[in-house]
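Below is one structure; the comments refer to it alone.
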Amino acid sequence: MYYLKEQVYFEPLFNNWYAWPYLLPPVQGARHLVHTHTRIMKSFVNNAHLHIMANQEPGMSGSDFLACSEDQIEDIRALIEFSKNECSDLVALSAAVSELDELIRAHKTGESIEYLYEQLPDALKGYIELFFDMEHNPSYRLLEGLLYKSDYYKPQLQTVAFGLVSDTNQRPFVFSTPRLVDDAHIHIDLNFTSPILDRISKARQHPLSAQELDELFAQCKCRGG
C-alpha cells in the first residue's frame with residue numbers, strides 16, 4: 001500500500017502558471033495571460049541575464065522577474081508560442097476588453113447607452129451588461145455564468161504539479177514564474193474537478209494499492225519527475 005508523503009506538495013496550474021483565483025474566470029485569466037504572463041516571459045527571453053541577476057537579490061523577491069535559468073530560455077519561448085497559438089481566443093478576448101473600456105470612456109453625454117450594445121466587440125457580445133453607476137457614469141458587468149459556459153473557459157489548460165518540500169528545493173515566487181516540467185516535479189494533466197486528484201490527495205490518510213495507483217495514472221498524462 002502507498003501513502004502520499006508528508007513532504008509532497010502540489011500546485012494547481014493554469015497554462016503552467018500557478019492557478020490563483022484571478023486566473024480561473026475567463027476574462028480575468030485572459031487579461032493576466034496577455035498583460036502579465038506573456039509580458040514577463042518575453043522580457044525574460046529578451047534579457048535573461050537581467051532576470052537572473054534580479055533573482056539573486058533578496059529584496060527583489062516577488063517582482064516581475066522570472067526565477068528561471070539560461071537553460072530554460074527555450075522552454076519559456078515554447079510556452080510563449082503555445083499561449084499565442086492555443087490561447088488565441090483569450091488574447092482576442094483581452095483585446096476586446098481594452099476596446100470596450102475605450103468605448104465606455106468615450107460616452108460622456110449622460111444619454112442612454114443602449115446604442116452601445118451594437119458597438120460591442122464581437123468577442124464580448126452576449127457576455128456584457130451595460131449600466132450607469134451611482135455617479136451616472138457608464139459602466140459594464142461581466143456575465144460570468146455565461147462566460148464559464150463558453151469556449152473562453154478552458155479546463156484543458158488546468159494541470160497539477162507535484163513536488164517535494166526540502167531544504168534544497170526552493171519554490172519560486174508563485175505569481176511571477178511559470179512551473180516548467182523538470183526532474184524535480186511531476187506534471188499531471190488533470191483539471192481541478194477530477195476525482196483522480198481527490199483520490200491522490202486522500203492518500204495521505206487512505207493508502208492506494210499498487211493496482212489502484214497504476215489505474216489512476218493510466219487515465220492521465222504525466223510529464224517530468
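Looking at (1) within 27 Å of D64 (Cβ to Cβ); (2) of a type in the set (V, I, T); (3) exposed (fewer than 12 other Cβ atoms within 10 Å of the Cβ), can you tell me which one T159 breaks?
Unmet for T159, out of (1) within 27 Å of D64 (Cβ to Cβ); (2) of a type in the set (V, I, T); (3) exposed (fewer than 12 other Cβ atoms within 10 Å of the Cβ): (3).
Only one of these is among the charged types (D, E, K, R), modelled with pLDDT of 95 or more, out of contact with any Pro (no Cβ under 9 Å at 6 or more places or on another chain) and under 27 Å from T36 (Cβ atoms): K125, K154. Name it.
Exactly one of K125, K154 is among the charged types (D, E, K, R), modelled with pLDDT of 95 or more, out of contact with any Pro (no Cβ under 9 Å at 6 or more places or on another chain) and under 27 Å from T36 (Cβ atoms), namely K125.
Could you please give the count of residues in region 19-47 that are under 17 Å from F173 (Cβ atoms) and buried (at least 19 other Cβ atoms within 10 Å of the Cβ)?
Of the residues in region 19-47, 7 are under 17 Å from F173 (Cβ atoms) and buried (at least 19 other Cβ atoms within 10 Å of the Cβ).
Can you report the number of residues in region 100-146 which are of a type outside the set (G, A, S), in a helix (DSSP H, G or I) and touching a Leu at 6+ places or on another chain (Cβ under 9 Å)? I'd like the intermediate steps shown before the answer.
Taking region 100-146 as the starting set, the residues that turn out to be of a type outside the set (G, A, S) are 100-105, 107-109, 111, 113-122, 124-125, 127-138, 140-144, 146.
After this cut, where a residue has to be in a helix (DSSP H, G or I) as well, the list is 100-105, 114-119, 122, 124, 144, 146.
When the remaining residues are screened for being touching a Leu at 6+ places or on another chain (Cβ under 9 Å), the result is 100, 103-104, 114, 116-117, 119, 124.
So the count comes out to 8.
Of the conditions (1) free of Cβ contacts under 8 Å to residues at least 24 places away in the same chain; (2) of a type outside the set (D, E, K, R); (3) assigned to a strand (DSSP E or B), V160 fails just one. Which one is it?
So the condition that V160 fails would be (1).
I'm trying to understand the selection: among the residues of region 163-191, which are at pLDDT 85 or above, in a loop (DSSP other than H, G, I, E, B) and more than 23 Å from L90 (Cα to Cα)?
Those that are at pLDDT 85 or above, in a loop (DSSP other than H, G, I, E, B) and more than 23 Å from L90 (Cα to Cα): V181, D182, D183, H185.
The values are calculated or read from the model by the stated rules, or taken from the named source; none is laboratory data. These numbers come from a predicted model, not from an experiment. A quick note on method: Cβ atoms are made from the backbone with ideal geometry, for glycine too, and the neighbour counts reach across all protein chains shown.
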